[in-house]
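Below is one structure; the comments refer to it alone.
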Amino acid sequence: MKILIIEDQKELADSIETFISQDGYVCDITNNFSEAKENINLNDYDCAIVDIMLPDGSGLDAIELLKKIQPKCGVIVVSAKNSLDDKITGLNLGADDYITKPFHLSELNARIKSVIRRRNFDGNNLITINELTIDMDTREVKVSERTIDLTRKEFDILLFFISNKKRVITKEAIIEHIWGDDSNTFGNLDFVYTHIKNLRKKLSEAGAKDYINSVYGVGYKFSVE
Amino acid sequence: MKLINKISRYYFINSVVLFIIAFAGIYFTLNWIITDEIDEQLKIKNEEIKKRIYRGELVNDPPFVEIIKFDKIIKSTSEITDTSIYISSENEQEPFRQIISFVNKDGNYYKLIVRTSLIEKEDLFYTLLIIFSITLASLIIILFFINRKTTKDIFTPFYDNLNQLKNYSVKAETSLQLTDSKIDEFNELNLALSSLSAKAVKEYKALKEFSEDLSHELQTLVAIIKSKFELLLQKVDLDEESANSIQSAYHNLNKLDKLNRSLILLAKLESKDLFESESIQLKEIINKVVDNYRDIAETKKLKIVTDVNSDITIKCNAALIETVINNLISNSIKHNIENGNIDIKLSGNTLEIQNTGESFTGNTEEFFDRFSKASKKSDSTGLGLAIVKKICDLYGYKIEYLYDPENHKIIIYFK
């Protein structure tokens, strides 16, 4: 899988690359519009992460070009402005998703996975990890052919873990992913723990390995060999 | 009191005082002149009658001339006095001026009284009073019309401008466009106000741009720092102490991020036009938000009762109204007590959110102000309610906060 990162903040682009390349993604980083044009003309990408504000142009133009030359490439718009205009224009140009800076790397990673999954959909939309099978269409989870009954939030948490497997995900990132941007202000974040506890219980009762580990007080990690 | 009325009142009071003084002055002067004249005439007439007495003509013509026989002369000089005499034809007492003197004609003594009527003098008083009253009345009428005209000519543009000023906001981003006046002072005032507003707009814009730029710069920096912390957390050999330090820094960075986003939103909430409006069914949003937070409320053992039957639809921005509902409901969870209640009621165009909670010690007037936090323990930015208030203001919804020792209640009246 090849990812194009168009982001003028080099340090942020490096962070994104480090975080997502763990899954074997190959990243090209460009810090401005002209380089981005070159890259789009030269290479094929599965997904592009495009910052709207570039020193020598608008990321929106890059999206237009990308959609013309590589219609199969997924596009995620990144904007520092929490501006609806950018979002609407970006999505109208054919972008698949929109994320506002600053974001959690785990959130961006989950979005990339989701975009690629949707783009490469070829009949069956299944994710398989050892004994776990997740059907994205029916939102059904099976452990060795045995269906387990998860609530909507438990399913979303599991999917978020799987998208970020082998990485530490902070509680904040989970909360924002499941409950929305505004939900991080509850002083007590124990409600995440309740959901994860239930999820682990359901998985292990069905005979799955306990993949979800707590990492000190920071967050959780879905460990899989 | 209006300026024009104040001035008119001064004019009126001063005119009345002046009229009274003038009236008194003229009356007494004329009175004195007339009295003097009457006295003069009385004396002449007196002398004439005396001469006729000397000639042996005793003319008695009461009440104007009376000649009374006397034994002796009481006074050698004549005396002039005022008196009143009953006139039978008029059937009333009339005022007279009289001169009394004594005459000695060949050893016969007479008391001579010559009188003249003062009715003319009384007439003078009434004539003067009528003239002055008519003049004063005309003056008042003229003053009234002058007032009306001045108000129309001078004060109409003034009040127009005043209205403009009252509704003026630097957020409009245009300076004041005031109506010209015929009065130099008003024109100068207009000029000063216009330049003041232009300056205010310029500085407001500069400040706004500065804070927007600052916020965006901060966002970029926060984005980088946040990503670096997330990478640090991925280190395999991370020990607990380092993890906790990173966690703490990361947690506070998230708060900073949240604060910054709220400030950006607050700054943007100046104009409706920046947000696309659509028709929204309120109960759908409320149910969605409540469903999203139900599990969070359950960990606090809160009981949420919703009674949302109204089918009201409002025209506004979906994200903004969701922010309003979201902030209010998350507040009602955050500031609640263990085993507390939350009642959400939507009926007609009124939304009521009532929750149990610790007592509110602040000023209810400042309830919706920025950073007026009820408790320091939560991770709230202190901007949530300020945002709610501003969104409500933006769309003209009235919002109220009611409070008794156990319950907090927020009511929004949607239009």
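Computed from the coordinates by the stated procedures, all read-outs in this text should not be read as laboratory data. The shown structure was predicted, so the numbers you read here are calculated from the model rather than taken from an experiment. Methodologically, a virtual Cβ is constructed for each residue, glycine included, from the backbone with ideal geometry; neighbour enumeration extends over all protein chains shown.
Cα extents of segment A:1-123 along the three principal axes, largest first, in whole Å?
36, 29, 28
So, by mean Cβ neighbours within 10 angstrom, what's the order for B:205-214, B:156-165, B:322-331 with the highest one leading? Working shown, then result.
Working: B:205-214: 12.3, B:156-165: 14.5, B:322-331: 21.9.
Highest to lowest by the protection proxy: B:322-331, B:156-165, B:205-214.
Can you work out the Karplus-derived ³J(HN,Hα) for every residue in segment B:224-239? Use 6.51 cos²θ - 1.76 cosθ + 1.60 with θ = phi - 60°, whole Hz, and x for glycine or proline.
Going residue by residue, I get 5, 4, 4, 5, 5, 4, 5, 5, 4, 5, 7, 4, 5, 8, 5, 8 Hz, with x marking Gly and Pro.
Across peptide B:291-302, what mean number of C-beta atoms from other chains lies inside 10 Å of a residue's C-beta?
On the way: counts 1, 6, 5, 0, 8, 10, 1, 2, 9, 4, 0, 0.
Mean partner-chain Cβ count within 10 Å for B:291-302: 4.
Arrange the following residues from fewest to most other Cβ atoms within 10 Å of their Cβ: B:266, B:302. Kindly include the intermediate steps, with their values, before the conclusion.
On the way: B:266 16, B:302 21.
Placing the least packed residue first, the sequence is B:266, B:302.
What relative contact order, as a whole-number percentage, does chain B give when Cα pairs under 8 Å and 6 or more residues apart are counted?
On the way: 479 pairs, mean separation 36.9, N = 415.
Relative contact order of chain B: 9 percent.
At a Förster radius of 35 Å, what calculated FRET efficiency corresponds to the Cβ-Cβ distance of residue B:76 and residue B:122, to the nearest 0.05? Show your work: numbers first, answer last.
Working: r = 33 Å, r/R0 = 0.95.
Between residue B:76 and residue B:122 the formula returns 0.60.
To the nearest 0.05, how large is the calculated FRET efficiency for residue B:133 and residue B:37 if R₀ is 22 Å and r is the Cβ-Cβ distance? Could you put the intermediate results ahead of the total?
Numbers: r = 26 Å, r/R0 = 1.19.
The value I calculate is 0.25.
With label points built 7 Å along Cα→Cβ from the Cα atoms of residue A:213 and residue B:7, find their separation and express it in nm.
8.9
Report, as an integer, the average count of C-beta atoms from other chains found within 10 Å of each Cβ along B:254-263. Each step should come with its number before you reach the end.
On the way: counts 9, 3, 1, 6, 4, 0, 1, 5, 1, 0.
Partner Cβ neighbours, averaged per residue: 3.
Specify the angular offset, from 0 to 90 degrees and rounded to the nearest 10, of the alpha carbon long axis of helix B:119-150 from the longest principal axis of the alpha carbons in chain B.
Helix B:119-150 sits roughly 20 degrees off the main axis of chain B.
Ranked highest first by average number of other Cβ atoms within 10 Å, how do B:292-300, B:254-262 line up? Before the final figure, lay out the partial values.
Numbers: B:292-300: 17.8, B:254-262: 19.6.
Top to bottom by mean Cβ count within 10 Å: B:254-262, B:292-300.
Convert 4 °C to kelvin, take the viscosity as 1.567 mPa s, use the Kirkwood radius over C-alpha pairs of segment B:175-232 as Rh, and evaluate the Stokes-Einstein diffusion coefficient in µm²/s, rounded to a whole number. Mind showing how you got there, number by number?
On the way: Rh = 14.7 Å.
Roughly 88 µm²/s, to the nearest whole number.
Would you mind getting me the FRET efficiency between residue B:156 and residue B:349? Use the beta-carbon distance for r and R0 = 35 Å, nearest 0.05. Write down the numbers at each step before the final one.
On the way: r = 39 Å, r/R0 = 1.11.
After rounding to 0.05, the efficiency reads 0.35.
Once you compute Rg and the Kirkwood Rh from C-alpha atoms, what is the Rg to Rh ratio for the protein assembly as shown? Write down the numbers at each step before the final one.
Working: Rg = 48.8 Å, Rh = 33.3 Å.
Answer for the protein assembly as shown: 1.47.
Give me B:59, B:236, A:50 sorted ascending by neighbouring Cβ count inside 10 Å, so fewest comes first.
On the way: B:59 12, B:236 5, A:50 26.
In order of increasing Cβ crowding within 10 Å: B:236, B:59, A:50.
In Å and from the alpha-carbon atoms only, list the Rg and Dmax of segment B:199-268.
16.7, 59
Based on other C-beta atoms within 10 Å, arrange B:335, B:216 from fewest to most. Present the calculation step by step, with values, prior to reporting the outcome.
Working: B:335 20, B:216 17.
Ranked by crowding around the Cβ, least crowded first: B:216, B:335.
Which whole number in µm²/s is D for segment B:3-138 by Stokes-Einstein, with the Kirkwood Rh taken over Cα pairs at 25 °C and 0.890 mPa s? Let's see the in-between values first.
Working: Rh = 17.9 Å.
It diffuses with D of about 137 µm²/s by this estimate.
For residue A:54, enumerate residues with amide H under 5 Å from its amide H, sequence gap 5+ or separate chain, H modeled in the peptide plane.
A:59
Considering amide H positions built from the backbone, and no H for Pro or chain starts, which residues 5 or more places from residue B:306, or on another chain, come under 5 Å of its amide H?
Excluding prolines and chain starts, which carry no amide H, the hits are B:344.
In the structure shown, do any of B:255/B:345; A:113/A:166; A:72/B:235; A:10/B:205 have a Cα-Cα gap over 25 Å, and if so which?
Numbers: B:255/B:345 31 Å; A:113/A:166 15 Å; A:72/B:235 35 Å; A:10/B:205 31 Å.
Distance filter (> 25 Å) returns B:255/B:345; A:72/B:235; A:10/B:205.
Let me know the Rg and Dmax you get for segment B:228-310 when you use only its Cα atoms, in Å.
19.9, 57
Which stretch or stretches of segment B:234-276 have amide N atoms under 17 Å from the point lying 7 Å from residue B:200's Cα along the Cα→Cβ direction?
none
Diagonalise the Cα gyration tensor of chain A and give the resulting equivalent ellipsoid semi-axes, square root of 5 times each eigenvalue, largest first, whole Å.
Working: eigenvalues 213, 77, 46 Å².
Equivalent ellipsoid semi-axes, largest first: 33, 20, 15 Å.
Give me the distance in nm between label points sitting 7 Å out from Cα along the Cα-to-Cβ direction at residue A:205 and residue B:59, one decimal.
About 14.5 nm separates the two model spin labels.
Counting helices only, and only those DSSP H runs with n ≥ 4, report the 222 nm mean residue ellipticity of the protein assembly as shown as the sum of -39,500 (n - 2.57) divided by its residues, in deg cm²/dmol to the nearest 500.
Values: 16 runs with 314 residues, N = 640.
My calculation for the protein assembly as shown gives -17000 deg cm²/dmol from helical runs alone.
Using just the Cα positions, wrap chain B in a convex hull and report its mean projected area in square nanometres, one decimal place. All intermediate terms of the calculation are to be shown ahead of the outcome.
Working: hull surface 168.4 nm².
Convex hull of Cα atoms, orientation-averaged projection: 42.1 nm².
Partner chain Cβ atoms within 10 Å, averaged over the residues of B:213-226 - can you pull that number for me?
Partner-chain Cβ atoms within 10 Å, mean over residues of B:213-226: 5.
With N denoting the number of residues in segment B:273-415, provide Rg(C-alpha) divided by 2.2 N^0.38 Å, to two decimal places.
Working: Rg = 14.4 Å, N = 143, 2.2 N^0.38 = 14.5 Å.
The reported ratio for this selection is 0.99.
Can you compute the modelled spin-label distance between residue A:32 and residue B:236, with each label point 7 Å from Cα toward Cβ, in nm?
Here the answer is 4.0 nm between the modelled labels.
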